[in-house]
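A short write-up of the structure that comes next.
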Amino acid sequence: MTTSKTISRRQFVSASTLGAVSAATLATPAIAAGRVEWRFVTSWPKNMPGPGVTARRLAERIDVMSEGRLKLQLFAASELVPALEVFDAVSNGAAEMAHTAALFWQGKVAAAPFFTAVPFGLAPIEHITWIEHGGGQELWDELYAPFRLKPFMAGNTGFQMGGWYRRPVNVLDDFKGLKIRMPGLGGQVLERMGASPVTIAPSEILPSLQSGVIDATEFLGPFSDMAMGFHRAVKHYYWPGFHEPNGTGEAIISMDAWNSLDSGLQAVVENACRAENIYSLAEAEWQNASALKRLIEEFQVNVRPYPEPILEAARLAARDVMASFETMDDLSARIYRSMQAAKDRLGPWSRVSQAAFFNAREAG
């Protein structure tokens, strides 16, 4: 499997046209001769295909675009802080920036998963459209403001697969007591279907599958999943990823660090995030196609669709999970209603554009 090479200045220009330690124990970021240095922590193993490589490229983009004025010292998961503690690390000043996924923070902020994906929610382009044009960014800023964090979309792994299972799931009863790694709102859906969802860091998934600590897992798409080696532990791979139809990664920045930048460097960071967001989505589409083929042909993975009765049960459970946001705090309710409004607006167009075209193309 290939990973992307280090970005040169020319490659950046081409791509951009596409649109645990305490703060007290760390040195303050360097600011000398007009240069700023940030500690950049991630939730991913080093150079993991997908989000791990995205984080590295994002640091490179910012360096190139800023002509060296802003440098990010990249730390993979657990090199500076554990994978699932990067939100707190940036919030409390132990790092200036992180690359992670908003769905990890549901325990802190109930509506955070909306900014990665929600069950039966927005597809990748629809999600980007909501954030950029439907008021999603403003709500995201408001949600993270109490934590002194500035969020951006900064990578996308595209459509997700449904998950890896030790045994086939043919009927709803097969979910009873199933221990599955599934964070976010998708975990709540499967819990209503009888499963026992858990949240563990990406680096811990394969050992947990191999040892029997969990019976199943979801992660991303074939590209990243194959790199993580899940096919070595289990062979049943389901689609569609109804629990997570999008894979937005987030860059979160300390507001103190953000406000210390001049407007030029702020524009560099924002547009580097945008460039990496669309570049990584295209990469995921390309690599997922070839990885899926390898999983089937080379590794004899049993790739199968969820039976329709299971999808119907998931749809019903998802409606209950999502509707619960209407009775939460005002901001959570507004985020839910905003996302629903975007889905209602975009859905009819998606049906007569993408869905209709794909059906027509395949019918030939």
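For first residues located in segment 157-183 and of a type in the set (Phe, Trp, Tyr), partners that are part of a helix (DSSP H, G or I) and lie 6+ apart or on another chain with Cβ distances below 8 Å form the pairs Phe159/Pro124; Phe159/Asn288; Trp164/Leu209; Trp164/Asp225; Trp164/Phe230; Trp164/His231; Phe175/Leu190; Phe175/Ile310. Taking first residues from segment 92-115 that are at positive phi and partners that are in a helix (DSSP H, G or I), the Cβ contacts under 8 Å between residues at least 6 apart in sequence or on separate chains come to Gly93/Ala23; Gly93/Asp256. The condition of being farther than 21 Å from Ile128 by Cβ, more than 15 Å from the chain's Cα centre (by Cα) and not acidic (Asp, Glu) holds for only one of Ile180, Ile200, that being Ile180.
Checked against (1) more than 24 Å from Leu185 (Cβ to Cβ); (2) not assigned by TED's automatic domain parsing to the domain that holds Lys150, Tyr306 passes all but condition (1).
Which one of Glu79, Glu60 is over 25 Å from Ala145 (Cβ atoms), surrounded by fewer than 19 Cβ atoms within 10 Å (Cβ to Cβ) and modelled with pLDDT of 95 or more?
Glu79
Is at least one residue of segment 300-307 closer than 24 Å to Asp173 by Cα, aromatic (Phe, Trp, Tyr) and touching a helix residue (DSSP H, G or I) at 6+ places or on another chain (Cβ under 9 Å)? For segment 300-307, residues closer than 24 Å to Asp173 by Cα, aromatic (Phe, Trp, Tyr) and touching a helix residue (DSSP H, G or I) at 6+ places or on another chain (Cβ under 9 Å): present.
Each row is one residue, and each column tells you yes or no for (1) assigned to a loop (DSSP other than H, G, I, E, B); (2) touching a strand residue (DSSP E or B) at 6+ places or on another chain (Cβ under 7 Å).
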{"residue": "His243", "(1), (2)": "yes, no"}
{"residue": "Gly249", "(1), (2)": "no, yes"}
{"residue": "Asn259", "(1), (2)": "no, no"}
{"residue": "Leu265", "(1), (2)": "no, yes"}
{"residue": "Arg274", "(1), (2)": "no, no"}
{"residue": "Ile278", "(1), (2)": "no, no"}
{"residue": "Leu281", "(1), (2)": "no, yes"}
{"residue": "Glu285", "(1), (2)": "no, no"}
{"residue": "Ser290", "(1), (2)": "no, no"}
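Taking the criterion of being part of a loop (DSSP other than H, G, I, E, B) and under 17 Å from Arg167 (Cβ atoms), the residues of segment 230-241 that qualify are Ala233, Val234, Lys235.
Residue-wise test of (1) under 16 Å from Pro245 (Cβ atoms); (2) in a helix (DSSP H, G or I).
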| site | (1), (2) |
| --- | --- |
| Val303 | no, no |
| Ala318 | yes, yes |
| Arg334 | no, yes |
| Lys343 | yes, yes |
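Among residues that are on the phi < 0 side of the Ramachandran plot, modelled with pLDDT under 95 and crowded, with 22+ Cβ neighbours inside 10 Å, Pro222 is not included.
Gly187 - would you say it is over 23 Å from Thr54 (Cα atoms) and of a type in the set (Gly, Ala, Ser)? So Gly187 passes the test.
The values are calculated or read from the model by the stated rules, or taken from the named source; none is laboratory data. Keep in mind the model is a prediction, meaning the values are calculated, not measured. In this analysis, Cβ positions are derived from the backbone assuming ideal geometry, glycine residues included, and neighbour counts consider all displayed protein chains.
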